Amino acid sequence: MTGLQDKLTPAQVEEFGRELDEIRQRIVADLGQADVDYIHNVIKTQRALEVAGRGLLFAGFFPPAWVAGVTALSVAKILDNMEIGHNVMHGQYDWTRDPALSSQKFEWDTVAPSENWRHSHNYIHHTYTNILDKDRDIGYGVLRMDTAQKWHPYYLGNPVYATLLALFFQWGVMLHDLEFDRVVKGERKWSDNKEVGLKMLKKAGRQVGKDYVLFPLLTGPLAPLTFLGNATANLTRNLWAFSIIFCGHFPADVESFTEEETENESRGQWYLRQILGSANITGGKLFHIMTGNLSHQIEHHLFPDIPARRYPEIAGEVRAICEKYGLPYNTGPLHKQLFSVAKKIVKLALPWNGEPRTPATVESDKTLRAA
């Protein structure tokens, strides 16, 4: 896949895959009560923060109470979406047989219906990671995030679209499932969105009703302050989630692939695609928890159904394997990765920044697979 794969012989690719399989098998065999206790403690913390945050907003006339309430509610929403919702809905805790941790039953505190998200994210994104025209998370249907995406005057607005997506990220994730870009191209009909759209309306109605009607009204004359507090908490969660997710997928040197390059790929080649198409973010333990451990996006793409709390303990091994085979391990602090993403968004808004893939690149990859 893009010349890097040429560094590995077919035998090396298979050995590379075997070593990563061994890591997965070891972690799966070790799953137990500590993992269950961890996620239950995070859930208890999240619920306590939400109760505290909403309670403090009843005293929102006192500025410190309002700020503390918004802060607690913001952290609660981030934990719910990142460390709990995202990971539980990936099936990371299905092995516990606990209905509260079931990937098929869990519903999170965001406007995107969990059922829709599980299809577009768990299946589409994680099956076709960074494959152009297959992985719809590349640009979310509104941004140009790869030089192989044909430039159009519409993309001059890349920085504006990215800013709006960051501000309203939960809505962007929800609307992503309508596949507007495919409707515009005539590849999908509006009528195809009926079922998905009804689920969106129902879930969004509940979320809007809870945050902007019910809880504000419960605080009586403080309703405007509560409304503003809830909006600020949602905005904080949106900006945080956008930053973490984009820093895990779109910094410089993160690769994308064509369908032709990934035809009939082996397990080892699939692992290789995950590593080349992901990036990590460095930070401390609390930082990693607040990201849902998606700061270890490389490990998450390799093992999406392993409890994310395990990613930090295997990151060193994964990095060592990459070094052993001469493969890149893209990682860096948040400010560095975020600046790299912002630079790419601006750069790809311009028409002269395009490097279409050459047939030679694809051919070399096909040769490797055939060998």
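Worth a mention:
- Solvent-accessible heavy-atom area per residue, rounded to whole Å², over the chain at 1.4 Å: 45
- Nonpolar atom fraction for the chain, defined as the carbon and sulfur part of the 1.4 Å probe accessible area, stands at 63 percent.
- Under 11 Å from the Ala100 label point (7 Å along Cα→beta-carbon), backbone N, the stretch 32-56: 37, 39-45, 47
- Average Cα contact separation per residue, the chain, under 8 Å, 6 or more apart, as relative contact order %: 27
- Three-way shape call for the stretch 66-163 based on the alpha-carbon gyration tensor, with the a/c threshold at 1.5: oblate
- Calculated [θ] (222 nm, deg cm²/dmol) that DSSP helices of n ≥ 4 give over the chain, each run adding -39,500 (n - 2.57): -16500 deg cm²/dmol
- In this label model, His126 and Glu14 are separated by 2.7 nm, measuring between points 7 Å along each Cα→Cβ vector.
- In the chain, taking the dipole from charged Cβ atoms about the Cα centre, the farthest positive-side position among Leu57, Ile314, Gly326 is held by Leu57.
- Amide H contacts under 5 Å for Gly332, placed H, 5+ residues apart: Asn280, Ile281, Thr282
- The peptide list 199-207, 21-29, put in order of mean Cβ contacts within 10 Å with the highest first, becomes 199-207, 21-29.
- Using a simple spin-label model with pseudo-atoms 7 Å out from Cα toward Cβ, Ser266 and Arg26 lie 2.2 nm apart.
- Among Gln104, Gln46, Gln337, residue whose mean-square fluctuation peaks in a GNM of the chain (springs only between Cα atoms under 10 Å): Gln104
- Sorting the segments 236-248, 174-186 by their residues' average number of neighbouring beta-carbon atoms within 10 angstrom, most packed first, yields 236-248, 174-186.
- Contour minus Cα-Cα distance for Arg182 and Glu313 (0.36 nm per residue): 43.1 nm
- Amide H contacts under 5 Å for Glu255, placed H, 5+ residues apart: Gly277, Ser278
The values are calculated or read from the model by the stated rules, or taken from the named source; none is laboratory data. Just so you know, these numbers come straight off a predicted model, no measurement behind them. Virtual Cβ from ideal backbone geometry, glycine too; neighbours counted across all protein chains shown. We work out accessible area using only protein heavy atoms, side chains counted, and drop any ligands, DNA or RNA first. Shrake-Rupley method; radii C 1.70, N 1.55, O 1.52, S 1.80 Å.
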